[in-house]
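Undergrad: Sharing a structure here in structure tokens format.
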Amino acid sequence: MTRVPRLRPGFRFQWEPVQDSHVLLYPEGMVKLNTSASAILAEVDGHRPVADIIARLEQNFPDAGELTDDVCEFLRDAQQKHWIELQ
Amino acid sequence: MNDVARPGHPSHTVGPPLWLLAELTYRCPLQCPYCSNPLDFADQSDELTTEEWVSVLRQGRAMGAAQLGFSGGEPLVRQDLPELIAEARHLGYYSNLITSGIGLTEQKVRAFREAGLDHIQVSFQASDPELNNAVAGSRKAFDQKLAMARAVKDAGYPMVLNFVIHRHNIHQMTDIISLCERLEADYVELATCQYYGWAFRNREGLMPSAAQLEQAEREVNDYRGQLAQSGSAMKLIFVTPDYYEIRPKACMNGWGSMFLTVAPDGTALPCHSARLLPIEFPNTRQMALKSIWYESPGFNHYRGDSWMPEPCRSCDEKGKDFGGCRCQAYLLTGNADNADPVCDKSPHHDRILAARRAADHATAGLEDLTYRNTRNSRLFFRS
Ligand code: SF4
Ligand code: SF4
């Protein structure tokens, strides 16, 4: 919870109007992200710890309820795919 | 897949070109015998100007291209590269520089970073200097490449190392990967030659035998296992030659579906080797990129599947591989409409089997290959 996720060097998260979605760009690759993945990655700035990210998301999406499990699962998955690093 | 645009009938189902490959020049100081540039590259010296490239980049980005590759030839010979990098960053591209490392300096590596370049891919020919330099046709290439790979890492880029694999270096897999590990590469591409351009010309002298390939696959898999155990993030991408498959690759993810290449003279192509096809392709000097992509006969030629002859026409896998690679069909059967002969349903599959047999018995050395240089290129042009 106190660990700080950041995008792996060489990865860029950005909005693509033509695809009407956020994407993750990396060397010669691109993944189109769904809404929840985008919402989480938008909070990953290399400074905020996981607990803050969850709190902010719960505040921004009050209808979504408790988000801890979902966020942690996504971050674990993203780390395994080497999109992010946890420090 | 039946609702995809038919030739001459572009429809809204054609997606945007998400990848733009800018082949800035065919000029290159090296002479790799597997180079994918056209055999007659020496005759194509009329390169787009800086302004013309900037216009191509702007149009491509407006249409939705997000990944941009600067390649060649050797893109570093273009003096306006820093300007083009800065423009790419400004437009919001993720930009990739694909280089042999020859002509690169630490200062340039840093200056490109400041201009907004996202990634530099350095290509190697082998894991040791002797073989590397022999394949590249240059005496000091290897040391320069090592130095530049380190400079790329130091400047904070992700490090992607590319090795083109063929019968003369395929026995080096373990050495190559361990060299990459020492250099702390993030991604390693072990790309077996694709037989177009100069590589097709030299196929007999480049194609590994089945036994060589099996051995290499074992080595790569073993190494992959070790990396996973040690928690390494280094990713190994081993591209095996499709000549050893029985189903073709889904070339370019479908003709004109997401890849757009612009050649040094402005010719727009659905893939970088399509120039060899007997099809007329539009030029960015004469036509807007949008019309090129959505309306030109060249780009619509092989969209959809109504162009397919048998066996593809009635095949239930056509939505998966689109009948394979048009260039390969053309080079091996003389007709680009045919099924890619890699497919064992193709009546021309025997050409692939013959190439495999030849690879089992090939004896040609490096000195027997035709090196990619201006002199050899002019010979092709004349003949
Ligand atoms: S493959 Fe070799 S010769 Fe061809 S452009 Fe690349 S570095 Fe130059
Ligand atoms: S017959 Fe054509 S469509 Fe079917 S698998 Fe072979 S190449 Fe693909």
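The values are calculated or read from the model by the stated rules, or taken from the named source; none is laboratory data. Quantities reported herein were computed from a predicted structural model and do not represent experimental measurements. Quick reminder, even Gly has a Cβ in these numbers, built from the backbone with ideal geometry, and neighbours come from all protein chains shown. Ligands, DNA and RNA are stripped out before the accessible areas are found, and what is left, the full protein with its side chains, is counted by its heavy atoms. Shrake-Rupley method; radii C 1.70, N 1.55, O 1.52, S 1.80 Å.
Undergrad: Do we have any residue at all in region B:214-221 that's touching a helix residue (DSSP H, G or I) at 6+ places or on another chain (Cβ under 6 Å), open to solvent by 20 Å² or more (accessible area, probe 1.4 Å) and outside any loop (DSSP other than H, G, I, E, B)?
TA: Yes: one or more hits.
Undergrad: Here is a follow-up. Considering only residues that are free of Cβ contacts under 8 Å to residues at least 60 places away in the same chain and assigned to a loop (DSSP other than H, G, I, E, B), look in region A:1-17 and name the one that is surrounded by the fewest Cβ atoms within 10 Å (Cβ to Cβ).
TA: Only one residue fits best here, namely A:THR2.
Undergrad: Please enumerate the residues belonging to region B:181-202 that are modelled with pLDDT under 90, buried (at least 23 other Cβ atoms within 10 Å of the Cβ) and not in a helix (DSSP H, G or I).
TA: B:THR192, B:CYS193, B:TYR195, B:TYR196, B:ASN202, listed by residue number.
Undergrad: Filter region B:227-244 down to the residues that are out of contact with any helix residue (DSSP H, G or I) (no Cβ under 9 Å at 6 or more places or on another chain) and not β-branched (Val, Ile, Thr) and list them by number.
TA: B:ALA228, B:GLN229, B:SER230, B:GLY231
Undergrad: Mind telling me which of the residues B:GLU83, B:GLU47, B:GLU87, B:GLU74 ends up being away from ligand 2 (no atom under 16 Å from the Cβ) and out of contact with any Leu (no Cβ under 9 Å at 6 or more places or on another chain)?
TA: B:GLU83
Undergrad: Return yes or no: is B:PRO270 out of contact with any Pro (no Cβ under 9 Å at 6 or more places or on another chain) and either among the hydroxyl-bearing types (Ser, Thr, Tyr) or at pLDDT 95 or above (or both)?
TA: Yes, satisfied.
Undergrad: Just give me the residues in region A:18-38 being open to solvent by 20 Å² or more (accessible area, probe 1.4 Å) and facing chain B (nearest Cβ under 8 Å), in sequence order.
TA: Residues satisfying the conditions are A:VAL18, A:GLN19, A:TYR26, A:GLU28, A:MET30.
Undergrad: Find all pairs meeting these conditions: Cβ atoms under 7 angstrom apart; at least six residues apart or on different chains; first residue within region B:182-207 and more than 14 Å from chain A (Cβ to nearest Cβ) and touching a residue at least 24 places away in the same chain (Cβ under 8 Å); second residue in a helix (DSSP H, G or I) and acidic (Asp, Glu).
TA: B:GLY205/B:ASP368
Undergrad: Criterion first (of a type in the set (D, E, K, R) and closer than 16 Å to A:LEU25 by Cβ) does B:ARG110 satisfy it?
TA: No.
Every residue, every condition in (1) within 16 Å of ligand 1 (Cβ to nearest atom); (2) of a type outside the set (A, V, I, L, M); (3) over 24 Å from the mean Cα position of the chain (by Cα), yes or no:
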| residue | (1), (2), (3) |
| --- | --- |
| B:ASP222 | no, yes, yes |
| B:GLN229 | no, yes, yes |
| B:MET234 | no, no, no |
| B:LYS249 | no, yes, no |
| B:MET252 | no, no, no |
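Undergrad: Another question, then. Go through (1) out of contact with any helix residue (DSSP H, G or I) (no Cβ under 7 Å at 6 or more places or on another chain); (2) of a type in the set (Gly, Ala, Ser); (3) free of Cβ contacts under 8 Å to residues at least 60 places away in the same chain; (4) within 15 Å of ligand 2 (Cβ to nearest atom) one by one and return the number of the condition B:GLY319 breaks.
TA: (3)
Undergrad: Looking at region A:52-68 only, could you name the residues that are within 15 Å of A:THR2 (Cα to Cα) and open to solvent by 50 Å² or more (accessible area, probe 1.4 Å)?
TA: A:ASP52, A:ALA55, A:ARG56
Undergrad: List, please: which pairs have Cβ atoms under 6 Å, are six or more places apart or on different chains, and start with a residue in region B:29-55 that is farther than 30 Å from B:PHE163 by Cβ and among the small types (Gly, Ala, Ser) and end with one that is open to solvent by less than 30 Å² (accessible area, probe 1.4 Å) and at pLDDT 75 or above?
TA: Note: no pairs meet the criteria.
Undergrad: Evaluate the following for B:THR240: is it within 19 Å of the chain's Cα centre (by Cα), surrounded by fewer than 21 Cβ atoms within 10 Å (Cβ to Cβ) and not acidic (Asp, Glu)?
TA: Yes; evaluated as a whole, the condition is true for this residue.
Undergrad: Please determine whether any residue of region B:304-314 is in contact with a strand residue (DSSP E or B) (Cβ under 8 Å, 6 or more places away or on another chain) and small (Gly, Ala, Ser).
TA: Yes; the residues of region B:304-314 include at least one that is in contact with a strand residue (DSSP E or B) (Cβ under 8 Å, 6 or more places away or on another chain) and small (Gly, Ala, Ser).
Undergrad: Quick one: in region B:14-41, of everything that is small (Gly, Ala, Ser) and open to solvent by less than 30 Å² (accessible area, probe 1.4 Å), which residue is nearest to ligand 2 (Cβ to nearest atom)?
TA: Looking at residues that are small (Gly, Ala, Ser) and open to solvent by less than 30 Å² (accessible area, probe 1.4 Å), I get B:GLY15.
Undergrad: Among the residues of region B:225-266, what is the count of those that are away from chain A (no Cβ under 13 Å), part of a loop (DSSP other than H, G, I, E, B) and more than 27 Å from B:LEU76 (Cα to Cα)?
TA: Number of matching residues: 13.
Undergrad: Can I ask one more? Does at least one position in region B:295-307 carry a residue that is within 16 Å of ligand 2 (Cβ to nearest atom), closer than 26 Å to B:THR240 by Cβ, of a type in the set (Lys, Arg) and touching a residue at least 40 places away in the same chain (Cβ under 8 Å)?
TA: No: region B:295-307 contains no residue that is within 16 Å of ligand 2 (Cβ to nearest atom), closer than 26 Å to B:THR240 by Cβ, of a type in the set (Lys, Arg) and touching a residue at least 40 places away in the same chain (Cβ under 8 Å).
Undergrad: Filter region B:221-254 for residues that are touching a Leu at 6+ places or on another chain (Cβ under 8 Å) and within 17 Å of B:SER346 (Cβ to Cβ) and give the result.
TA: B:PRO241, B:TYR244
Undergrad: Out of the residues in region B:148-180 that are at pLDDT 90 or above, part of a loop (DSSP other than H, G, I, E, B) and open to solvent by 20 Å² or more (accessible area, probe 1.4 Å), state the one that is nearest to the other protein chains (Cβ to nearest Cβ).
TA: Out of the qualifying residues, it is B:GLY156.
Undergrad: Right, something else. Residues in region B:212-224: is at least one touching a Cys at 6+ places or on another chain (Cβ under 8 Å), of a type outside the set (Ser, Thr, Tyr) and over 30 Å from B:GLY334 (Cβ atoms)?
TA: No, there is no match, as no residue in region B:212-224 is touching a Cys at 6+ places or on another chain (Cβ under 8 Å), of a type outside the set (Ser, Thr, Tyr) and over 30 Å from B:GLY334 (Cβ atoms).
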